[in-house]
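To keep things clear, I will list the structure first and then write my remarks on it.
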Amino acid sequence: MGSLKFILSAYLLSLSLCYAFEERVAAESQHELQHMHTIQLSSLLPSSVCNPSTKGNAKKSSLKVVHKHGPCFKPYSNGEKAASPSPSVSHAEILRQDQSRVKSIHSRLSKNSGSLDEIRQSDDATLPAKDGSVVGAGNYIVTVGIGTPKKDLSLIFDTGSDLTWTQCEPCVKYCYEQKEPKFDPTVSQSYSNVSCSSTICTSLQSATGNSPACASSTCLYGIQYGDSSFSIGFFGKETLTLTPRDVFPNFLFGCGQNNRGLFGGAAGLMGLGRDPISLVSQTATKYKKLFSYCLPSSASSTGHLTFGPGASKSVQFTPLSSISGGSSFYGLEMIGISVGGQKLSIAASVFTTAGTIIDSGTVITRLPPDAYTPLRTAFRQFMSKYPTAPALSLLDTCYDFSKYSTVTLPQISLFFSGGVEVSVDKTGIMYASNISQVCLAFAGNSDPTDVSIFGNTQQHTLEVVYDVAGGKVGFAAGGCS
């Protein structure tokens, strides 16, 4: 009788353990499913049709954001005949440009500033005969009005730069091909040059990293973005029109007379950094150093760049931090990463050694080597059922999805100080060259002391809010729709 009771007890115990195990497996399975994305492969591939978003259109101080390589970039707003579009750029070339930009940022944070003469010498010594090496000033373009009467121009907006500039007639030395007619200051009623002797001219040093020069008492600026991409010209004042209600007289900008780099056909660049010369600082009286944007999910859709208040209530803010040698950059304190809902084991010192910036112009997020390696390992484990493909430039974890119409990806989240978790949108996890070469859209820095960069692919569809005066940056999902 006793042995029967023992057997019965053992059976009941094993049964309960079995049920508990099954419940735990089911719970873990449910948890894993909650942290997975099923994605249509077609959403990762380019489209020739523009699908604009309506978000941001109703906001008073909002500009439409388009991708410079996408079908929504239509620069014929002036009704004039423009230059023919530049040929399409390969994904390998885009990634090469991106790597050049990152090297330029790392170099800028580790070296002292230069001079205009150094840029000129670079022009004479290293520039190829064609349009020059494009180091990538960013992918995203807005249209603004410059001059009186205003002339609409497409500018790449860049949180990693301060000076706003555009190519100007008569292009004394060289202008690259742009899609719109170039700005001619002689036909504007509101243009004026900045004098060499003014304190404003001196302030160019911090905004461009180069000492200003003089030509017939007119202040000259020079800014270099990398190996051979630069703009040199007159530093002037002009009327800037962002929207019909948002007009800023005496806006300081560069009127480029010697410019190298394709810049995707854009007329120039809008600097949204933290320097006093940036657009953010020059419009502070009206917008209180507050702006936000949403970068679209693909090159065939649109986002918005909005100035002033109006962010959604769901935005979570993390404090801005300072980056040694890079006062213009927006520094963040990254503290962790999760893949598929599982926090990776990464020492805090890995992120604090060099710090992190958020940058609208860098395509692929860069991580310290000791953070990228565990991310890659975890991602590969989740993706083990899919056939692999060769590396694409700096992207070393690629897959061949040619036999699939949908794939399942693990959710990737980035964690920042202040308890902020930013879940990367499913369109920002992978970078597709074509359906047979789709790669994890993260890369590792070669040096652990190089700054990490939160790039624009991982910012897709997020509402990103820069409260510069408040010393914080915020994130919310669904910013474009």
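Under a plain spin-label model, where a point goes 7 Å from the Cα along Cα-to-Cβ, how far apart in nm are E421 and A347?
2.6 nm
If I ignore ligands, DNA and RNA and count only protein heavy atoms, how much of K150 is accessible to a 1.4 Å probe, in Å² to the nearest 10?
K150 exposes around 110 Å² with every protein chain in place.
Find out how many positive minus negative residues lie around R376, taking Lys and Arg as positive, Asp and Glu as negative, among other residues whose Cβ is under 12 Å from that of R376.
It works out to a net charge of -1.
Could you pull the accessible area for C50 with a 1.4 Å probe, rounded to 10 Å²?
Approximately 40 Å² for this residue.
Between S481 and Q205, what FRET efficiency comes out of the Förster formula 1/(1 + (r/R0)^6) with R0 = 51 Å and r the beta carbon distance, rounded to 0.05?
So, using R0 = 51 Å, E works out to roughly 0.75.
Along the stretch 325-342, what does the Karplus equation 6.51 cos²θ - 1.76 cosθ + 1.60 (θ = phi - 60°) give for ³J(HN,Hα), rounded to whole Hz, x for Gly and Pro?
Values per residue, Gly and Pro as x: x, x, 5, 7, 7, 8, x, 10, 10, 6, 10, x, 9, 10, 10, x, x, 9 Hz.
Extension gain Y174-S436, at 0.36 nm per residue separation less the Cα-Cα distance, in nm?
90.3 nm
Let me know the volume per residue of the alpha-carbon convex hull for the stretch 246-320, in Å³.
Normalising the Cα hull of the stretch 246-320 by residue number yields 163 Å³.
In the structure displayed, which of K151/K173; K68/K289; K74/K151 lie more than 18 Å apart, Cα to Cα?
Checking Cα-Cα distances, K151/K173; K68/K289 exceed 18 Å.
Give me the percent of the accessible area of the stretch 312-477 that comes from carbon and sulfur atoms, probe 1.4 Å, all protein chains in place.
Carbon and sulfur together cover 48 percent of it.
Sorted by mean Cβ packing within 10 Å, highest first, what order do the peptides 362-374, 269-281, 153-165 take?
The densest-packed peptide leads the list: 153-165, 269-281, 362-374.
Taking the simple approach of a point 7 Å from Cα along Cα-to-Cβ for both K286 and K385, what is their distance in nm?
5.4 nm
For the stretch 432-481, what size does the Cα cloud have along each of its three principal axes, sorted from largest down, in whole Å?
44, 37, 11
Solvent-accessible area per residue for the stretch 312-477 at a 1.4 Å probe radius, Å²?
Value for the stretch 312-477: 35 Å² per residue.
In Å and whole numbers, how far do the C-alpha atoms of the stretch 312-477 stretch along each principal axis, longest first?
For the stretch 312-477, the Cα extents along the three principal axes come out at 50, 36, 28 Å.
How much length would be gained if the chain were fully extended between S198 and T186, taking 0.36 nm per residue of separation minus their Cα-Cα distance, in nm to one decimal?
2.1 nm
The values are calculated or read from the model by the stated rules, or taken from the named source; none is laboratory data. This one's a predicted model, so the numbers in the text were calculated from it and none came from an experiment. Virtual Cβ from ideal backbone geometry, glycine too; neighbours counted across all protein chains shown. In case anyone asks, the SASA skips ligands and DNA or RNA and just uses the protein heavy atoms, side chains included. Shrake-Rupley method; radii C 1.70, N 1.55, O 1.52, S 1.80 Å.
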